[in-house]
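Inspection log for the structure reproduced underneath, given as structure tokens.
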Amino acid sequence: MAEHSESAGSAVESMIEKISEKIHANDSSSSDSDDDKSVSPSSVKAKIYRIFGREKPVHKVLGGGKPADVFLWRNKKISASVLGGATAIWVFFELLEYHLLTLVCHVLILTLAMLFLWSNAHTFINKTPPRIPEVHLPEEPFLQVAAALRIEINRGFVVLHDIVTGRDLKKFLIVIAGFWVLSIVGSCCNFLTLFYISFVLLHTLPVLYEKYEDKVDPFAEKAMIEIKKQYAVFDAKVLSKIPKGSLKGKLA
């Protein structure tokens with residue numbers, strides 16, 4: 001009887017060990033599958049092409065502040081009012097041929113006349129005089145803007161220096177093509193119209209891209225592949241045959 005009880009106990013223990021091994025195997029397989037699931041989305045995201053090598057959302061690329069909210073129409077009233085104001089300015093100066101100095105003078109004349117009459121006639125019409133606040137422009141925002149402009153201008157000078165010294169032929173061709181396109185656009189419209197078109201595009205293209213980026217990015221990827229192929233052909237047939245060494249010796 002004792003031997004029978006011992007054999008039964010050993011059988012129960014072996015069954016318990018087998019069940020525990022199966023449970024551990026299932027846990028390890030489930031953890032492996034969870035790890036695969038956790039890794040796969042990041043690997044898929046890493047393979048997705050974004051235009052201009054963008055890694056951040058469009059809102060962060062545009063600065064992430066109030067200007068980005070305006071450009072991406074986060075507040076439709078503010079964005080519509082800004083775009084409407086730019087359109088009104090363009091209509092005044094371009095279609096109605098109103099001059100900037102004339103408009104500023106007329107607005108100042110009207111404003112000063114109204115405030116002057118209100119300040120002197122409040123005793124006759126039994127109303128309180130207007131409270132005109134004193135305006136003082138702070139120094140810090142202007143210094144910050146000047147510092148930011150200085151940094152960007154210095155970067156532009158560095159790029160121009162690299163182009164002029166012949167270090168980057170690709171940048172040279174891109175800048176020449178950009179100036180050529182601007183010269184064509186400038187011959188078709190004046191600076192104000194060009195500025196207004198750029199302003200309208202800045203208020204429409206980012207929000208459209210944010211909405212349809214999953215469709216635009218694959219198309220942009222195909223276009224970039226084709227451009228690289230054409231550039232490789234152009235480099236092999238034309239750029240590689242330019243004697244760079246002799247030019248560098250002459251410049252030195």
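The values are calculated or read from the model by the stated rules, or taken from the named source; none is laboratory data. Because the structure is a prediction, the values reported are computed rather than measured. Ideal geometry is used to build each Cβ from the backbone, glycine not excepted, and the neighbour counts take in all protein chains shown. Ligands, DNA and RNA are stripped out before the accessible areas are found, and what is left, the full protein with its side chains, is counted by its heavy atoms. Shrake-Rupley method; radii C 1.70, N 1.55, O 1.52, S 1.80 Å.
What are the residues in the range 153-178 that are more than 18 Å from Tyr231 (Cα to Cα) and of a type in the set (Lys, Arg), if any?
Arg155 - this is the single residue of the range 153-178 that is more than 18 Å from Tyr231 (Cα to Cα) and of a type in the set (Lys, Arg).
Quick check: is even one residue across the range 132-144 within 22 Å of the chain's Cα centre (by Cα), modelled with pLDDT of 80 or more and either β-branched (Val, Ile, Thr) or within 30 Å of Met114 (Cα to Cα) (or both)?
no
List the number of the failed condition for Leu182; all other conditions in (1) within 21 Å of the chain's Cα centre (by Cα); (2) within 30 Å of Leu100 (Cβ to Cβ); (3) open to solvent by 80 Å² or more (accessible area, probe 1.4 Å) hold.
Every condition holds for Leu182 apart from (1).
Out of curiosity, is Gly166 outside any helix (DSSP H, G or I) and farther than 30 Å from Ala236 by Cα?
So Gly166 fails the test.
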